[in-house]
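Participant: First the structure, which I've put down as structure tokens, then a few questions once you've had a look.
Read-outs throughout are calculated quantities, based only on the coordinates presented, and are distinct from any laboratory measurement. Quick caveat, the model's predicted, so the values are computed rather than measured. All Cβ positions, glycine included, derive from the backbone under ideal geometry; neighbour counts span all protein chains shown.
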Amino acid sequence: MDLGISGRKAIICASSRGLGRNCAIALAEAGCDVVINGRDEKALRATGEEIRATGVHVTEVLADVSTSEGQRALLAACPTPDILVNNNGGPPRKDYTELNREAMIEGVIQNMITPIELIQAVTGHMCAQGFGRIVNITSLSVRMPIEGLDLSSGARAGLTAFLAGVSRQIAGQGVTINNLLPGKMDTDRLKGGFERAASQSGQSIEAIRAAQAAEIPAGRFGTADEFGKTCAFLCSAHAGYLTGQNILLDGGLFPSAF
Ligand SMILES: NC(=O)c1ccc[n+]([C@@H]2O[C@H](COP(=O)([O-])OP(=O)(O)OC[C@H]3O[C@@H](n4cnc5c(N)ncnc54)[C@H](OP(=O)(O)O)[C@@H]3O)[C@@H](O)[C@H]2O)c1
């Protein structure tokens, strides 16, 4: 299917590796020029080279997206994006009793304030031109508690509630805002979790991995490729009537009828 977005300009935050990277790849495959981002130069340049091979224009922005300077650099690289994919790292896994005020503020900046600030910066132009696509990478943990990720879940739930109104406010101007909720996707972040669980339990990484995969109705982890392609569809010309939604990509892990 032609996604109908060839020639569109997209900013994909936190996209040198993992889910963000595959969102950028899928958008580039659909013909979008992409701005990619990360803090590690080597990973960012490698992803930039790989995407450039598809023939689209790629701009690499080496910056921390959580900072005002980082956001300014992203917007300077592409002042009038047609597509914005909000992504960021999340706060480290920690028991809620160990979170001090500073850590909580940092978590809210990462997973709530940063995407809102970027949305504020791009929707004026998107509404004026009558087209815009915004996808926020949040988490299954917004729907289902995950131990030790309370700060991440709370900040992302705050973002979700904030944007529930905003998405309706601008829906009539051709701009959509949706949240894409990863369950257990096979990325570096997931691997880090296996290593932690293995060292705590004394089991092998392979045993932890197999046990976690078996808990998922699909019987496996999701791939970043599947995630990226779903994101690209949400950004497509065909998804203009889909807004204000939370789309779970979890292989059926969250058990609910609705
Ligand atoms: N994978 C899963 O199963 C899963 C499940 C639920 C939620 N999530 C959430 O989905 C998001 C993406 O996860 P992932 O699995 O793709 O993680 P990942 O494999 O660790 O990749 C994270 C990417 O974000 C970049 N990044 C992190 N912090 C950044 C910052 N402050 N500024 C700019 N770039 C930054 C990283 O590059 P640098 O480190 O070089 O900056 C890297 O490119 C995270 O928020 C994660 O919590 C993932």
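Participant: Among the GluC sites (Glu not before Pro) within region 160-258, which fall in a DSSP loop and have no more than 14 other Cβ atoms within 10 Å of their own Cβ? Don't jump to the answer; show the numbers that get you there.
Facilitator: On the way: sites: E195, E206, E215, E226; in loops: E215.
Answer in residue order: E215.
Participant: Evaluate E = 1/(1 + (r/R0)^6) for E49 and T223, where r is the Cβ-Cβ distance and R0 equals 25 Å; express this FRET efficiency to the nearest 0.05. Please list the in-between numbers first.
Facilitator: Working: r = 22 Å, r/R0 = 0.86.
With R0 = 25 Å, the Cβ-Cβ based efficiency is 0.70.
Participant: Please compute the length gained on full extension between Q203 and R39, using 0.36 nm multiplied by the number of residues separating them and subtracting their Cα-Cα distance.
Facilitator: Details: separation 164, 0.36 × 164 = 59.04 nm, distance 3.26 nm.
This chain segment gains 55.8 nm when fully extended.
Participant: Provide Rg over Rh for the chain; use the alpha carbon set for both Rg and the Kirkwood Rh (inverse mean inverse pair distance).
Facilitator: On the way: Rg = 17.8 Å, Rh = 18.6 Å.
With Rg and the Kirkwood Rh in hand, the quotient comes to 0.96.
Participant: Mind listing the long-range amide H neighbours of G222? Cut-off is under 5 Å, sequence gap 5 or more, other chains count too, H placed in the peptide plane at 1.01 Å from N.
Facilitator: Residues meeting the criterion, in which the H sits 1.01 Å from N, are K184, M185, D186.
Participant: Would you mind computing, in nm to one decimal, how far apart the modelled labels at E106 and E147 are, each placed 7 Å from Cα along Cα→Cβ?
Facilitator: Between E106 and E147, the label points sit 2.4 nm apart.
Participant: Could you give the longest part of the chain that holds none of the trypsin sites (Lys or Arg not before Pro) found in DSSP loops with at most 16 neighbouring Cβ atoms within 10 Å?
Facilitator: Details: sites that count: R39, R93, K94, R220.
Value returned for the longest uninterrupted segment is 95-219.
Participant: Turning to a different aspect of this structure: Using the count of nearby Cβ atoms within 10 Å as a rough guide to exposure, how do L242, L75 rank from fewest to most?
Facilitator: Values: L242 14, L75 18.
Ranking L242, L75 by Cβ neighbours within 10 Å, fewest first, gives L242, L75.
Participant: Can you pull the Rg over Rh of region 1-152, Cα-only, Kirkwood? Each step should come with its number before you reach the end.
Facilitator: Values: Rg = 15.9 Å, Rh = 16.0 Å.
Ratio of gyration radius to Kirkwood radius: 0.99.
Participant: Between N246 and T80, what is the label-point separation in nm under the 7 Å Cα-to-beta-carbon projection?
Facilitator: In this crude spin-label approximation the distance works out to 3.6 nm.
Participant: Between region 15-72 and region 104-169, what is the C-alpha centre distance in whole Å?
Facilitator: 20 Å
Participant: Test of understanding: ordering C32, C127, C23 by Cβ neighbours within 10 Å, fewest first, what list do you get?
Facilitator: On the way: C32 26, C127 16, C23 32.
Going from sparsest to densest Cβ surroundings: C127, C32, C23.
Participant: Okay, next question. Around L149, under 11 Å between beta carbons, what's the net of Lys plus Arg minus Asp minus Glu among the other residues? Mind dumping the intermediate values first?
Facilitator: Details: positive: R93, K94, R156; negative: D95, E147, D150.
After counting each charged neighbour, the total is 0.
Participant: Can you tell me, using C-alpha contacts under 8 Å and at least 6 residues apart, the relative contact order of the chain as a whole percent?
Facilitator: 22 percent
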